[in-house]
1. Over 21 Å between C-alpha atoms is what I'm after, so list which of 541/563; 150/352; 18/150; 17/183; 183/275; 496/563 land there.
2. Tally Lys and Arg at +1 and Asp and Glu at -1 over the other residues with C-beta under 13 Å from the C-beta of residue 539: what net charge comes out?
3. Please compute the length gained on full extension between residue 516 and residue 496, using 0.36 nm multiplied by the number of residues separating them and subtracting their Cα-Cα distance.
4. Provide the percentage of antiparallel DSSP beta bridges, counting only those with both residues in region 147-304; round to the nearest 5.
5. Let me check against my output: what whole-number percent is the relative contact order of the chain, with C-alpha pairs under 8 Å and at least 6 apart?
6. Please work out how much length the chain gains when fully extended from residue 584 to residue 352, using 0.36 nm per residue of separation minus the C-alpha to C-alpha distance, in nm with one decimal.
7. Using a Cα-Cα cut-off of under 17 Å, which lysines could be cross-linked to residue 85, ignoring same-chain neighbours fewer than 8 residues away?
8. Arrange the following residues from fewest to most other Cβ atoms within 10 Å of their Cβ: 360, 559, 40, 26.
Amino acid sequence: MAVDSAISSPLGPPACKKDAKALQFIEEMTRNADAVQERILAEILSRNAETEYLNRFKLNGATDRKTFKSHIPMVTYEDLQPEIKRIANGDRSPILSAHPISEFLTSSGTSAGERKLMPTIQEELDRRQLLYSLLMPVMNLYVPGLDKGKGLYFLFVKSETRTPGGLLARPVLTSYYKSEHFKTRPYDPYNVYTSPDEAILCADSFQSMYTQMLCGLLERKQVLRLGAVFASGLLRAIRFLQLNWTQLAHDIRTGTLSPKITDPAIKDRMVPILKPDPQLADFITRKCSEDNWEGILTKIWPNTKYLDVIVTGAMAQYIPTLDYYSGGLPLACTMYASSECYFGLNLNPMSKPSEVSYTIMPNMAYFEFLPHEPNANRFSSRDLPLKLVDLVDVEVGKEYELVITTYAGLYRYRVGDILRVTGFHNSAPQFHFVRRKNVLLSIDSDKTDEAELQKAMENASQLLKEFNTSVVEYTSYADTKTIPGHYVIYWELLVKDPDNSPSEEVLNQCCLEMEQSLNSVYRQGRVADNSIGPLEIRVVKNGTFEELMDYAISRGASINQYKVPRCVNFTPIMELLDSRVVSSHFSPSLPHWTPERRR
Ligand code: AMP
C-alpha cells in the first residue's frame, strides 16, 4: 500500500516510509549531481591531502576540480602496482589514503595472471550498504507485495588469503557478507531471504549451495523472487538441482540432513527448519524427474515474480537459457558495482535487459569519463592529452570509459568499463553498460583477454612440437549452452609427419595446458567454484580458416586488413567452424589453483 502523498516521490509512490526516505535521497543526489560531485572530490582531497600520492603531484592542499585535473594523472592498475605492493607488504604509512587500508578486495580483473588487489577502507562498507538500501525501495515501485514473501538468493562467500603484510584479500561480496553490516542487518519485511546466513557464510561451496537450495525448496510457495549476483550463478544453481534433487527430496521426505552437510553452524540452524514433508518430497521428485526442464523455475517456485540477476554486459549470453528455465519471467538488473567502488543502480529495474540503464549515484565517488574513441590508446595513461568529462557533462549517445576517484585512495583510476549515455535522471546521467575493455572470453566472473589466450595457445602448442605439428590458426568461443559453460578453442593444425601425429591423449593434455596458463580467476572458476567446465579444443579441417576469411570478405571485409578473429560468436561462423570439426578434446583434469597468489 502506498504511503501518503506528503512523502511521495517523482519516481513513484513509495511502498512505506523507509522507502520514501530512500527515494527522496535518490532525488536529492541526482538533482544536485554536480554539487554533490564537487563536494565529494573536495572531501576526498582534503582528507587525503597528506598522503604520499597526492603530495607527489604537488596538490598542496588544493581541493578544487581545476587543480585536481591539471595535477593528477589518469592511471591504470599497472601504474599503481608499486604503491599497492608496498601496502600489501605491510607499509602502513598514508600512501594512497589517510584512513588505514582495512583489507584488499580481489577484483575479477587480473594483472599478470593474478586478481587485482583493490585497497579499501572500513567506511566503504557504509557506502556499499547505502547503495544496497536503495534497491528494494526502487523495486517496490514496480513490483507490489514483496513484503508478503521471501527472496531465494544464491549468495556465496569465497576463499580469502592474507597479503605478506597481513591484510586480508578477498572478493568484495565475501567482505560484505562477513561484515556486521550484513550479519546484523535489521529485519526488513521487503528483504527477507530463504537462505540462512549460516549457509551463505559457509565457505564450502557444495554445503552452502545445498543448504540454500534445500531452504528454497522448503519454502517454495513463499518465494517471490529468485536471484544470484550474475546470471551464471543462477544457472549453476539450476544445474545443482539437476544433479542433487534426489538427495534433496530424500532429506525433505525424512526430515534429516544429508551426511554431506558437516558444517556445525548449518546443522544447528537446520534442526528447527527441516521437518519430514513427504508431500513436498513427492512434488519435487515428480517435477525434477521430468525430462523436460523448460519452465522448471516457475513450476517449483510458482509465485516468483522476477529473476534478480545481472544479465547486462558479458552476462547477456545467458538470457535465452534463463528464459528457457523460467518460462520468460522478467529479468531485473538492479545495480552496477565493482571491487573498486559501487557505482549506481537501475531506476527502472523491470526494463528489458537490452534497455537497462544504470544511474550513477553521485555520492559514491568522484566520477569522470574518458571519451571512448577507437584510437584513444595512442596516449599512455600517464599523459593527459585527452580531456576527461565530468558526470553531468556527458552527452547522450556517446561512449565513455569510466574513471573514478575514491575515498579509499584511487585517483583518476580507469575502471576499464565502456558505457554509453542513454539519458538523464534529473542531472545524473544514465548509462548502458557496453562492454569491458579487452575481454575476449567470459563464462562467469573470469575475463580472458587476447594476450592471455595467445600465451595459453603458445604454451599448449609446445606439446605438439615433438610430433612435428603446429597450430596454424585458432579462434575461440564461450560456449554457454552447457552448464557450466566452457571455453571452446578451434585449432587448425599443420601435421608435417602424419605417421607421428599427436594422439588423442596429447590433444587432451593441450586443453589442460591451456587451462594451466589462464589467469587465476579462470582456474578458480574451474577448481573451487565449479562455474566453468573443462576447456575444449575442436580440431578443424585444413583450409577452414581460409574459408572463414572468404566468408568475411564476402560480407564486405577488406582483404588487406582481414585478421582472424580471436573470438567468434556469430551463428553462421560458428556453423561453418562446427561443420569442419574433425575431432574434439577436453581437459582431462582440473588445472592447478590455490587461494594463494603465485607471486
Ligand atoms: P569486480 O572487479 O570483480 O568486482 O567486477 C566488476 C566489474 O563487473 C565491473 O567493472 C563490470 O565490468 C562488471 N559489472 C558489474 N556490474 C555489472 C552490471 N550490472 N552489468 C554489467 N557488468 C557489470
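1. On the way: 541/563 19 Å; 150/352 23 Å; 18/150 18 Å; 17/183 24 Å; 183/275 26 Å; 496/563 25 Å.
In this structure, 150/352; 17/183; 183/275; 496/563 lie more than 21 Å apart at Cα.
2. Working: positive: 538, 541, 580; negative: 473, 492, 504, 536, 578.
Residues near residue 539 contribute -2 overall.
3. Net length gain for the segment: 4.5 nm.
4. 25
5. Over the chain, the number comes to 13 percent.
6. Values: separation 232, 0.36 × 232 = 83.52 nm, distance 3.70 nm.
Additional length available on full extension: 79.8 nm.
7. Leaving aside lysines fewer than 8 places away in the same chain, those within reach of residue 85 are 116.
8. 559, 40, 26, 360
Values quoted throughout were computed directly from the atomic coordinates according to the rules given, and no laboratory measurement underlies them. Not measured: the values here are computed from a predicted model. Cβ: placed from backbone, ideal geometry, glycine included. Neighbour counts: every protein chain shown.
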